[in-house]
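One structure below.
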Amino acid sequence: MTDPYQQNPETGGPQYGPPGTGPDLTKRLDAQNQPQYSAPSDPYGQPQYSAPSDPYGQPQYGRPVDPYGQQPGGYPAAPYPVGPQGYNPNDPEAPWGRDPFGVPLSDKQKLVAGLLQIFLGSFGVGRFYLGYTGLGVAQLVVGILTCFTVGWIWGIVDGVLMLTGKVPDSDGRPLRD
């Protein structure tokens, strides 16, 4: 095929003719094993591919699903950790376990500290339990000087903070559940 923008020496114009006079793309161009061009079967010109067999005619993508729930490669599923929650002698830095961020947990419990502080907070018992001797003495002194009214309110607020896990023990470790 020649360049359509070059001038035709016979007519002085471009080398293509009026509309509808171009080559027929549905027939062979010549007999010299030239590829045969045909109009696409898809109106948008998308290639047609054969999809894998599926009863609904949808192509299958992704990894095959094992009906028996085994992992790929034939390995058995990983077992869940077995054993009691709490004390772990294999981790000397965190014998009571670790929180989700990897920080070792305290040997003190949230529930015990919070209830001691709510019911006996004007005496500073919850703070003594957690190892905060100075704050425990301060709560006891404030409780005695105010006839246990301010010390009682301070104890309730402090106990709720302990129950929600906002107060660590005296070593800075979070309280365990």
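Look at the stretch 116-128 and say how many of its residues are more than 14 Å from I153 (Cα to Cα) and open to solvent by 70 Å² or more (accessible area, probe 1.4 Å).
Total satisfying the criteria: 1.
Those residues that are outside any loop (DSSP other than H, G, I, E, B) and exposed (fewer than 13 other Cβ atoms within 10 Å of the Cβ), I need them from the stretch 129-150; list them, please. Talk me through it step by step, then tell me what you get.
If we filter the stretch 129-150 for residues that are outside any loop (DSSP other than H, G, I, E, B), which is where we start, we get 129-130, 133-145, 149-150.
Of everything in the stretch 129-150, those that are outside any loop (DSSP other than H, G, I, E, B) and exposed (fewer than 13 other Cβ atoms within 10 Å of the Cβ) turn out to be T133, G134, V141, I144, L145, T149.
The values are calculated or read from the model by the stated rules, or taken from the named source; none is laboratory data. Keep in mind it's a predicted model, so treat the numbers as computed, not measured. Here Cβ is always computed from backbone atoms with ideal geometry, including for glycine, and neighbour counts include all displayed protein chains. The accessibility values were calculated without ligands, DNA or RNA, using every heavy atom of the protein model including side chains. Shrake-Rupley method; radii C 1.70, N 1.55, O 1.52, S 1.80 Å.
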